[in-house]
Every structure is written in structure tokens, then in C-alpha cells.
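One structure is given below, encoded as C-alpha cells.
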Amino acid sequence: MEMRDIPEPNLVNSNDVKIRMSVLGICGSDIHYYTQGQIGSQKVQYPFTVGHEGSGIVVEVGNSVKRVKPGDHIAIEPAMPCGECDQCLAGRHHTCRKLRFLGCPGQAEGCLMEYIVMPETSCFPLGGKLSPDHGSISEPLAIGVYTIKKSGIAKGQNIGILGFGPIGMSVLLAAKAHEVGKIYVTDIIDERLVIAGKEGVSMAVNPVKENIIGKIMNVEHLGLDLVFECCGKQEALDQAIELLKPGGKLIVVGIPEFERWSLSVEKTRRKEISLQFIRRQVDCVEQTLEMMKNGSIKIENMVTHRFPFARTKEAFDLVADYRDGVMKAMIDF
Ligand SMILES: [Zn+2]
Ligand SMILES: [Zn+2]
């Protein structure tokens, strides 16, 4: 990773907005590109700029832009759907056939740069109450809000969240806004379990050190209603199926580094487990910002590290090595 000087981007279309970046959150997917050069079939061609969890200040707008004006602090929605394909017309912009997504190889350069131009539809004003961090965190958090929506969660249901990185934590924060029952969290990093404890979960356990199935089933004899796989690990998927009650639902959010999941035929069939995969989110940014504004979601335990733009590589190395109990590391421009 290295810094390069490039020309400042200019407005091209009448709905374009030029943004000076304030803050960028480092995402697990940025790290996948940094350490592996790819996620599945999406391979990086170098040089390439990563980054998609950004917020900034509007500096210039095209003549048809109505939603924002220069000086506005905004959250940047990294997805730029075409608006015309079958998926877009069906309200599934996140699986748009011609989707362009910030920091996604072959689609668009990321926003780990001082200035970026985005379409108006990707700009969400923060208003007075929310900080640049709120804007940036709204990206992963919206995935949590969407995941919870998609899970069909009902009041009082007991849930498990396996993997407590920023996405697992986003799922937790969204779940807490929904009067769920008990929440069980697992992660292999103890500092993350401490954060889960601060968020008031019923139990936070480390599967490397303890028999998590035994510990959770000991208090939850009937099993859990919903389990969210948030780390992309086969062990977690297997544990999820053990933990679910018959008729329970497994929601897979994590991005694995392997190509195929495997499922126990016997257990999934006998328990009649439902399976839901999650692809990012759709139409949840505004709601997420609103939930932070009205206090139903608080992100105070999310950001653990900050680095100035010039020290971005250090930040990426820290996150890639899961060092120092990192949850979310932010880059300040
Ligand atoms: Zn992300
Ligand atoms: Zn489309």
C-alpha cells in the first residue's frame, strides 16, 4: 500500500456531488482486498483504491442536485445501482446487474482519497446531530439493520451472533433496537467479548477456550430462535445449526475465505432449518441514520482506533492482524 498523488476528480454529470472526505472506516472487505487481492471472483488490478465506509463534506454540486448543498456533512452510500435493470425495478438495488460499488474491483475506485465524486443518490445529509463517525459507521450498521429486518425477528426471540467483528456488532446494535430476548455472542478475540459485555448481552463466550454449545444450551435448553453467522467460518456455521431450535433460522452474513459451505444434511433436515443469506443491504441507510439520531442505536463502543490519513497502512496492518483488540479503525482526513 502506498500514497499516490492523483488529479482532483471533477463533476461529470448534473447529479454529481463532489465531496471532501472527513472519515473512513476500515472494513473487513477492504482487508480481504489488501491481504488477498480478491474476494471470490472479484480480483484487484493494481493500482487500486479501496474504501467504502465514508463520510465527508459537500464541496460542489451539479446543477440538478437537490438533496445536498456545499457545506453539508453527509454519509456516503457506496452503492451506485443502474436504476433500470430487473433487480433495480424490483427494489433490489443491492443486487443490481450493473452495480458499481466503491472500492470494488472492476466497479469503482474506493473513497480512501481526499476528494471523491458521487451521484446525489449516494449522499445522505447527517443534519446537526450526527458526527462524521456516525456517517461512516452508517454503512456497516445499515447491513445490521437490513439483516435484522430480513431475519423476520419477533419480540422476545433469543438469538446468537457468531463472530463479533464490526458486522456482528452492527447486527447486535440493530437487534437491541427490537426488544429481542436473550443475546448470545461468540468470538475468538477476548477484547471483543468485553465490548459485547458492555453492550449488555446475556453471554459472550470464546469458542477457542470454551465449549460454546454446552455453555449456551445449558441455559437455553430448547435452542435459539435465530443465529447470525457473522465471521465466515465453517465452524461457526456448524455451531449455528447445533444451537438452533427446530424451525429456527440461520442467517449467513459473514464473508468466508473459502469457496463452499458445508451443511449437515441430518441436522438441517430434521430441525427444518431456514437459511437466509445476506448481501450487504438495500434502502436501510436513512433508517439507520434516523435510529442513531433518535438514540435507538448507539455506536459509542464501536470505534476503537483512529489514524491520520498519512498512517493508513499502519491502520490496515493493525486490522489485518486483529491486533490490540481492534473493532473498528477509522482514518481521519
Ligand atoms: Zn464495509
Ligand atoms: Zn440495476
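The values are calculated or read from the model by the stated rules, or taken from the named source; none is laboratory data. Since the model is a prediction, treat every value here as computed from it, not as a measurement. Counting neighbours? That spans all protein chains shown, and the Cβs are built from the backbone with ideal geometry, glycine included. Keep in mind that these areas ignore ligands, DNA and RNA; they rest on the heavy atoms of the full protein, side chains included. Shrake-Rupley method; radii C 1.70, N 1.55, O 1.52, S 1.80 Å.
Annotations
- Given their separation in residues at 0.36 nm each and the Cα-Cα distance between them, Phe258 and Thr121 gain 45.9 nm when the chain is fully extended.
- Compared with the dominant Cα axis of the chain, that is its longest principal axis, helix 166-176 is turned about 70°.
- When you filter the GluC sites (Glu not before Pro) in the range 100-140 for DSSP loop state and at most 14 other Cβ atoms inside 10 Å of their Cβ, you are left with Glu114.
- For the chain, the per residue solvent-accessible surface stands at 47 Å², with DNA, RNA and ligands left out and a 1.4 Å probe.
- Among the GluC sites (Glu not before Pro) found in the range 1-107, those both in a DSSP coil and sparsely packed, with 12 or fewer other Cβ atoms within 10 Å of their Cβ, are Glu2, Glu84.
- Relative contact order of the chain, taken over Cα pairs closer than 8 Å and 6 or more residues apart, is 17 percent.
- Contact order normalised by residue count of the range 1-155, Cα under 8 Å, 6+ apart, percent: 29 percent
- Positive-end extreme of charge dipole, the chain - chosen from Val253, Thr304, Gly28 (charges on Cβ): Val253
- In the chain, the sites counted are trypsin sites (Lys or Arg not before Pro) in DSSP loop states with at most 12 other Cβ atoms within 10 Å, and the longest stretch holding none of them, exclusive of the sites, is 5-65.
- Hits among lysines - C-alpha to C-alpha of Lys18 under 24 Å, sequence gap 8 or more where chains match: Lys66, Lys69, Lys98, Lys129
- Sites listed here are GluC sites (Glu not before Pro) in the range 234-328 whose DSSP assignment is loop and whose Cβ has at most 13 other Cβ atoms within 10 Å: Glu257, Glu259, Glu272, Glu300.
- Share of carbon and sulfur in the accessible heavy-atom surface of the chain [1.4 Å probe, %]: 49 percent
- Panel values: the chain, Kirkwood radius from alpha carbon pairs, Stokes-Einstein at 25 °C and 0.890 mPa s, translational diffusion coefficient 120 µm²/s.
- Net dipole in debye of the chain [+1 Lys, Arg Cβ; -1 Asp, Glu Cβ; about Cα centre; nearest 20]: 840 debye
- Proximal lysine pairs, the range 184-284, alpha carbons under 20 Å, eight or more residues apart or interchain: 11
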